Amino acid sequence: MPTPTPRQAQDLAHLLTRAERLAARRLQSVLDEDGCSLDAWRVLALLGDGQGHHMTAIAEAAFLPPPTLTKLVDQLVDQNLVHRRVDPADRRRILAHLTPRGQTYWRRLDRAVRAGWPVLSDADDELLRALLGRLADTLDGADTETAL
């Protein structure tokens, strides 16, 4: 695969930034109706699988530093949307789960976001996911190589 020129990399970075900001703006406008932030939505989305997750995994999935995540989860606990439990497999760790109220809230948010999200054809959606996944993997691999 040919190496991109600096101009191509700049154009791609611009397009990715523009798309991310437009997507975040659209998401936030839907979430504002329920008083939810993008960061909280990311946490609720992960916990919406019903499996319970460690704080480290949640921080990574939500792209938040651990102290920020702790404050956010504290707020979600105060709102009775999330609860914490000791991990039965490793009692030193804590798992976060949605409460029944949190599950209802998450389902409502998810429906609203899906309804407000533009629809791509199945082929375009699959292609975009594949390309973004490959780009993320490539960038992640480049970071790993640079660190060595």
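On the protein heavy atoms, probe 1.4 angstrom, tell me the percent of accessible surface of region 9-110 carried by carbon and sulfur.
53
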query: Where the centre of each part is set by its Cα atoms, how far does region 32-92 sit from region 120-144, in angstrom?
result: 25
- line: Expressed in nanometres to one decimal, the distance between label points 7 Å along Cα→Cβ at Thr68 and Arg101 is 2.6
Mean accessible surface per residue for the chain, computed with a 1.4 Å probe while every protein chain stays in place, in Å²: 72
- request: Please give the helix 38-47 orientation as an angle from the longest Cα principal axis of the chain, in degrees from 0 to 90, rounded to the nearest 10.
  value: 70
statement: Relative to the chain, whose Cα atoms define the longest principal axis, helix 122-147 and its Cα axis are tilted in degrees, nearest 10, by 90
statement: Cα extents of the chain per principal axis, largest first, Å, are 50, 41, 26
task: Specify the residue with the greatest mean-square fluctuation among Ala112, Ala130, Ala96, computed from a Gaussian network of the chain linking alpha-carbon atoms under 10 Å apart.
output: Ala130
field: Test item: Cα-centred dipole of the chain, Lys/Arg +1 and Asp/Glu -1 on Cβ, debye
entry: 460
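The values are calculated or read from the model by the stated rules, or taken from the named source; none is laboratory data. On a predicted model such as this, the values are computed, not experimentally measured, just so you know. Backbone-built Cβ (ideal geometry, glycine too); neighbour counts: all protein chains shown. To get the accessible areas, we keep the full protein, side chains included, count just its heavy atoms, and leave off ligands, DNA and RNA. Shrake-Rupley method; radii C 1.70, N 1.55, O 1.52, S 1.80 Å.
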